[in-house]
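A short write-up of the structure that comes next.
The values are calculated or read from the model by the stated rules, or taken from the named source; none is laboratory data. In this text the structure is predicted, and so the values were computed from the model without any measurement. No Cβ is skipped: glycine too gets one built from the backbone with ideal geometry, and neighbour counts run over all protein chains shown.
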Amino acid sequence: MSELIELSAAQAVARLRAREIDASELFEAYRERAAADELNAFTWVASAAPEPVADTALCGVPVAVKDLFCTEGVPSQAGSRILEGYRPPYTATVVARLAAAGAPLLGKTNQDEFAMGSSNENSGFGPVLNPWDRSRVPGGSSGGSAAAVAAGLAPWAIGTDTGGSIRQPAALCGLVGVKPTYGACSRYGMIAFASSLDQAGPLTRDVTDAALLLSHMVGHDPMDSTSVAFPEPITLPSAEDLRGLRFGVPEELLGDQAGAGIEPGVRASFEATLALAEELGAEVDTCRLPHAPHALSAYYLIAPAEASANLARFDGVRYGSRVAGDRDLETMYSETRAAGFGPEVKRRIMLGTYALSSGYYDAFYGTALKVRTKIAEDFREAFRRFDFVVTPTSPWTAFPLGSKTDDPLAMYLNDFCTVPMPLAGIPAISLPSGLADGLPVGFQLAGPAFSENRLLEAAHALERAIGFDGSRARA
Amino acid sequence: MTSAGIDYEPVIGLEIHVQLRTTTKMFCGCELSFGDPPNVHTCPVCLGLPGALPVVNARAVHFATMIGLALGCEIAPRSLFHRKNYFYPDSPKGYQISQYDVPICSGGRLGDVRIHRVHLEEDAAKLVHVGTSGRIHGADRSVVDFNRCGTPLVEIVTEPDIRSPAQAHEWLALLRVTLRQLGVSDVNMEEGSLRCDANVSVRPVGSGQLGTKTELKNMNSFRFLERGVAAEIARQTELLRGGREVVQETLHFDPASGTLTSLRSKEEAHDYRYFPEPDLVPLLVSGEMLAAARAEVPELPAARAARYERELGLHPDRARDLAFRADRAAYFERALASAPDGLGAVELANWIPQLVERIGSDADPSESRVSPEALAALAAMVVSRQASRDAAREVLRTLVAEGGDPRAVVEREGLGALSDDGGLADLVARAIAADPDAADKVAAGNMKAIGPLVGFVMRETKGRADGGEVTRLIREQLAVR
């Protein structure tokens with residue numbers, strides 16, 4: 001059985017196709033491990049393997065799904081007590097597509113409440129532990145998905161990324177995580193945090209798995225007006241070198257002053273990866289993203305503003321929990337929301353409400369939108385000279401549980417290198433670049449819109465050269 | 001300082017919500033319905049379930065474009081949807097998707113009132129307060145029916161160009177027939193497919209400045225609109241005459257008591273925190289979409305009435321009476337097409353109200369037994385003096401009941417006009433002989449006395465005689481010039 005667990009998802013697909021292993025056995029192997037989860041990575045686990053579907057591309061390799069994807073008849077709580085026990089009457093497009101492609105639902109994974117957080121400590125259902133060190137956080141907000149894949153409780157998983165919520169937990173758990181181009185994957189059925197930023201994407205053990213899973217997620221959905229047809233199929237990467245590629249290292253994020261907050265171990269791993277990239281034929285040089293230092297401020301206005309409206313529907317009227325239902329409307333609203341939302345969610349609703357208020361809109365939300373446009377222009381300019389912009393994914397490795405919960409601003413700094421990309425709507429990938437003090441470090445590459453295939457190829461070549469071994473977390 | 005001696009004039013602008021008659025809702029595939037059991041036309045989108053996303057109804061955009069064209073608006077090639085945030089159980093998402101600073105249509109005019117803008121949005125759900133009062137305060141409980149939620153709406157906002165309650169009524173009626181003619185809405189005020197709010201202020205006559213306005217909500221009939229606006233004008237005028245000030249607020253007009261009550265003051269006004277709807281891309285209206293909408297805009301009531309006046313010489317009231325009812329206009333135009341030489345449009349048009357009077361004003365004349373050709377033939381017989389006006393009315397009654405060819409009816413019932421050679425002159429002579437007193441007076445030039453003489457002839461001919469001809473013969477025989 002442990003042999004099955006050691007297969008990557010793509011390897012498992014190949015073995016299933018060759019009928020060397022059995023799909024229900026594989027499902028059961030993971031189901032048992034997920035059910036015995038000690039990391040609090042899952043909020044729900046399937047009770048049995050579904051009927052196998054013949055002749056599918058993914059041959060029945062199950063997938064773990066972040067809680068905020070709606071799944072018909074299955075708890076979909078987005079990590080929030082306000083949705084405790086909520087079972088939607090429909091399934092998110094991405095999940096339905098994966099099921100149709102032969103990746104059945106293994107379980108729902110824990111997350112920061114409404115995807116607001118970088119440590120998974122904001123979950124209404126308790127924190128998730130990092131399988132590399134159980135005293136540490138797995139990152140967030142897709143912390144449950146990351147921990148589950150890293151610990152071998154699931155062959156692969158999907159999460160969502162708004163300001164780094166796939167890439168940062170992937171980095172902290174030693175996985176590959178992809179934040180696709182905005183619009184590449186349907187958002188229909190994803191319980192929204194910030195609609196103009198949210199994107200679904202894979203969290204996997206390696207780059208090939210990421211490409212394979214992503215290839216079955218992308219595409220236009222008539223139910224999501226902001227989704228687009230991906231201009232080309234996502235293909236499995238095979239590159240072994242980086243010849244002819246130019247990597248830009250943004251001075252504004254990594255220069256002496258800006259980069260001061262980056263841990264030495266992370267910095268060392270990043271520098272080593274750059275050296276490796278040069279060995280593989282890449283050109284590495286400094287690039288400019290003049291407005292990137294303002295990305296975090298813009299993000300923490302735009303995302304909360306959208307969230308303040310997106311979360312208004314949780315009012316106790318139609319679904320989810322309700323408090324003081326026998327009192328007047330105002331009381332029911334305020335007590336339901338006071339009891340149902342955690343402190344970080346409340347903080348962001350208040351921030352967002354304020355930012356949109358009459359008289360403050362121009363100064364806050366309006367300015368943030370302008371900064372957002374500037375950041376997108378910065379990237380366009382950078383991509384004239386460079387194929388990719390590269391950074392460490394997170395300035396830190398996995399930090400101890402509780403070490404940053406009292407300081408929201410310090411926690412927000414986690415997203416320093418991951419927030420500019422969703423603001424620009426461009427894709428980025430994080431892959432493990434090694435360990436620092438025994439904890440995984442993530443290396444991020446960002447490319448122009450719809451450059452997913454090129455990003456995956458480059459990441460594949462780097463992955464081969466780095467030779468990261470994540471098996472320790474599965475032990 | 002009091003202003004007792006000053007005359008005030010009202011300044012009125014209207015905001016009209018119109019439910020569009022699309023097959024499905026504004027942002028989802030649920031069917032539109034009226035009168036179905038509650039909560040049968042719902043889905044994750046219109047229930048505001050977590051994760052659901054809106055998709056714009058192309059038909060609603062088409063209808064809004066038609067309305068914009070009909071009202072002479074500029075159609076924006078690119079417009080935006082915004083979120084209008086407010087908490088209420090009739091708003092399942094906690095916001096309404098509406099258009100804010102870049103609406104689909106702006107500018108324009110209908111009749112004598114300028115249009116400020118027309119924008120697309122979604123309707124709210126319907127709240128039913130169970131309990132004694134029927135209002136939310138004091139209700140035992142409230143239940144929500146989401147069937148209506150997400151129904152496509154356009155909001156039409158006028159400039160403050162209306163100067164009296166009667167003009168408000170008249171203009172809204174014109175808007176309603178225009179929208180009905182476009183076929184984009186049921187425009188039924190009782191059922192709520194047409195809803196009207198009014199912004200009212202008053203100012204000293206001759207002043208170029210606007211006074212402080214109040215907003216009157218939801219007047220659900222033409223009569224209530226007129227009465228509500230009149231009551232508010234009276235209230236504001238009295239305030240100003242007494243040296244007091246009008247306070248900006250939103251008012252509710254109670255048609256039962258005729259009183260106005262404040263719903264909320266300016267301070268209590270919502271901050272809707274509008275921002276661009278991130279779940280939707282900008283709304284683009286292409287040249288093709290514009291052409292398709294233009295092709296479906298028929299001749300509209302105001303233009304048709306003007307044409308009837310200008311080209312057919314109809315009296316303005318008659319022109320509007322016909323033009324503002326698509327069914328009557330269609331019937332009239334078919335009758336006109338079959339009118340023989342000598343039958344003028346004015347003469348023909350005069351017969352439509354008589355037909356309407358007999359079939360009832362709600363009925364479509366085309367669905368009566370009287371074909372447009374038959375009505376034209378009847379009118380022609382009167383013009384050519386083949387039938388008297390009275391006889392023709394008689395024939396019309398028969399046609400309404402039985403249908404058929406008016407010539408045959410005249411023949412069958414013996415209602416053909418009597419002429420000079422038909423013994424009419426003899427009858428006139430008998431009338432003069434029978435009432436010498438009246439004859440003397442007429443002969444002396446007192447034409448008022450002619451009545452009994454004409455009446456005698458009409459009685460004798462059972463109305464078949466042509467009144468004009470009878471008068472002519474009486475004057476001839478009595479040698480009156």
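Brief remarks follow.
- In the stretch A:244-260, the residues that are in a helix (DSSP H, G or I) and modelled with pLDDT of 85 or more: A:Glu251, A:Glu252, A:Leu253, A:Leu254
- The stretch B:371-390 residues that are closer than 15 Å to B:Gln354 by Cβ, paired with ones that are of a type in the set (D, E, K, R) and surrounded by 21 or more Cβ atoms within 10 Å (Cβ to Cβ) (beta carbon under 6 Å, 6 or more apart): B:Ser388/B:Arg464; B:Ser388/B:Asp466
- Number of positions in the stretch B:145-167 that are farther than 21 Å from B:Ala293 by Cα and assigned to a loop (DSSP other than H, G, I, E, B): 10
To keep it simple, each residue is scored yes or no on (1) out of contact with any His (no Cβ under 7 Å at 6 or more places or on another chain); (2) part of a loop (DSSP other than H, G, I, E, B); (3) within 14 Å of chain A (Cβ to nearest Cβ); (4) in contact (Cβ under 8 Å) with a residue 12 or more places away in the chain.
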{"position": "B:Val18", "(1), (2), (3), (4)": "yes, no, no, yes"}
{"position": "B:Ser33", "(1), (2), (3), (4)": "no, yes, no, yes"}
{"position": "B:Leu53", "(1), (2), (3), (4)": "yes, yes, yes, yes"}
{"position": "B:Arg83", "(1), (2), (3), (4)": "yes, no, yes, yes"}
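- Selection within the stretch A:20-43: residues that are of a type outside the set (Val, Ile, Thr) and assigned to a loop (DSSP other than H, G, I, E, B). The member of this set that is surrounded by the most Cβ atoms within 10 Å (Cβ to Cβ) is A:Ala41.
- For the stretch B:440-471, taking the residues that are among the hydrophobic types (A, V, I, L, M, F, W, C) and within 13 Å of B:Ala391 (Cα to Cα), the one that is surrounded by the most Cβ atoms within 10 Å (Cβ to Cβ) is identified as B:Ala465.
- Filtering the stretch B:168-214 to residues that are basic (Lys, Arg), touching a residue at least 24 places away in the same chain (Cβ under 8 Å) and not in a loop (DSSP other than H, G, I, E, B) leaves B:Arg180, B:Arg195, B:Arg203.
- Here the condition is being of a type in the set (A, V, I, L, M) and surrounded by fewer than 20 Cβ atoms within 10 Å (Cβ to Cβ); of B:Leu120, B:Leu80, B:Leu110, B:Leu71, it holds for B:Leu80 alone.
- Annotation note: Cβ proximity below 7 Å between a residue of the stretch A:205-223 that is closer than 8 Å to A:Ile234 by Cβ and a residue that is aliphatic (A, V, I, L, M) and in a loop (DSSP other than H, G, I, E, B) (sequence gap 6+ or interchain) occurs for A:Ala211/A:Ile234; A:Ala211/A:Leu236; A:Leu214/A:Ile234; A:Ser215/A:Ile234; A:Val218/A:Ala184; A:Val218/A:Ile234.
- If the condition is being within 12 Å of chain B (Cβ to nearest Cβ) and either assigned to a loop (DSSP other than H, G, I, E, B) or in contact (Cβ under 8 Å) with a residue 60 or more places away in the chain (or both), then the stretch A:341-363 contributes A:Ser357, A:Ser358, A:Gly359, A:Tyr360, A:Tyr361.
- Sub-8 Å Cβ pairs linking a first residue in the stretch B:337-364 that is at positive phi to a second residue that is at pLDDT 90 or above and among the small types (Gly, Ala, Ser), at least 6 apart or interchain, are B:Gly342/B:Ala380, ordered by first then second residue.
- Any hit, the stretch A:382-394, residues being buried (at least 22 other Cβ atoms within 10 Å of the Cβ), among the β-branched types (Val, Ile, Thr), within 12 Å of another protein chain (Cβ to nearest Cβ) and out of contact with any Gly (no Cβ under 7 Å at 6 or more places or on another chain): no
- The single residue among B:Glu267, B:Glu311, B:Glu299, B:Glu277 that is within 14 Å of chain A (Cβ to nearest Cβ) and over 30 Å from A:Ser195 (Cα atoms) turns out to be B:Glu267.
- Residue tally, condition over 19 Å from A:Ala171 (Cα atoms), assigned to a helix (DSSP H, G or I) and in contact with a strand residue (DSSP E or B) (Cβ under 8 Å, 6 or more places away or on another chain), over the stretch A:261-288: 1
- Only listed residue being in a helix (DSSP H, G or I), surrounded by 20 or more Cβ atoms within 10 Å (Cβ to Cβ) and either touching a residue at least 60 places away in the same chain (Cβ under 8 Å) or among the hydrophobic types (A, V, I, L, M, F, W, C) (or both), chosen from B:Ala303, B:Ala330, B:Ala319: B:Ala319
- Looking only at residues of the stretch B:215-232 that are within 18 Å of the chain's Cα centre (by Cα) and assigned to a helix (DSSP H, G or I), we find that the one that is surrounded by the fewest Cβ atoms within 10 Å (Cβ to Cβ) is B:Arg223.
- Breaking point among (1) within 14 Å of chain B (Cβ to nearest Cβ); (2) hydrophobic (A, V, I, L, M, F, W, C); (3) surrounded by fewer than 17 Cβ atoms within 10 Å (Cβ to Cβ), for A:Ala260: (1)
- Residues of the stretch A:377-413 satisfying the condition of being over 18 Å from A:Gly438 (Cβ atoms) and among the β-branched types (Val, Ile, Thr): A:Val389, A:Val390, A:Thr391, A:Thr405
- Among the candidates B:Thr261, B:Thr250, B:Thr212, the residue that is exposed (fewer than 12 other Cβ atoms within 10 Å of the Cβ), more than 14 Å from chain A (Cβ to nearest Cβ) and in contact with a strand residue (DSSP E or B) (Cβ under 9 Å, 6 or more places away or on another chain) is uniquely B:Thr261.
- Number of positions in the stretch A:92-133 that are among the polar types (S, T, N, Q) and touching a Phe, Trp or Tyr at 6+ places or on another chain (Cβ under 8 Å): 5
- Residue ID - surrounded by the most Cβ atoms within 10 Å (Cβ to Cβ), chosen from residues in the stretch B:85-100 that are more than 10 Å from chain A (Cβ to nearest Cβ) and more than 19 Å from A:Ile349 (Cβ to Cβ): B:Gln99
This table checks each residue for (1) surrounded by fewer than 24 Cβ atoms within 10 Å (Cβ to Cβ); (2) free of Cβ contacts under 8 Å to residues at least 60 places away in the same chain; (3) at the interface with chain B (Cβ under 10 Å from one of its Cβ atoms); (4) part of a helix (DSSP H, G or I).
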{"residue": "A:Pro290", "(1), (2), (3), (4)": "yes, no, no, no"}
{"residue": "A:Tyr299", "(1), (2), (3), (4)": "no, no, no, yes"}
{"residue": "A:Ile302", "(1), (2), (3), (4)": "no, no, yes, yes"}
{"residue": "A:Ala312", "(1), (2), (3), (4)": "yes, yes, yes, yes"}
{"residue": "A:Ala324", "(1), (2), (3), (4)": "yes, yes, no, no"}
{"residue": "A:Met332", "(1), (2), (3), (4)": "yes, yes, yes, yes"}
{"residue": "A:Ala339", "(1), (2), (3), (4)": "yes, no, no, yes"}
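- Every condition in (1) assigned to a helix (DSSP H, G or I); (2) of a type in the set (Lys, Arg); (3) surrounded by 15 or more Cβ atoms within 10 Å (Cβ to Cβ) is met by B:Arg273 except one, and the failing one is (1).
- Positions within the stretch B:55-81 being assigned to a helix (DSSP H, G or I), among the hydrophobic types (A, V, I, L, M, F, W, C) and away from every other protein chain (no Cβ under 13 Å), in sequence order: B:Ala60, B:Phe63, B:Ala64, B:Met66, B:Ile67, B:Leu69, B:Ala70
- Residue check, A:Gly265 touching a Cys at 6+ places or on another chain (Cβ under 7 Å) and modelled with pLDDT of 95 or more: no
- Screening B:Ser91 on (1) modelled with pLDDT under 95; (2) closer than 17 Å to B:His17 by Cβ shows it passes everything except condition (1).
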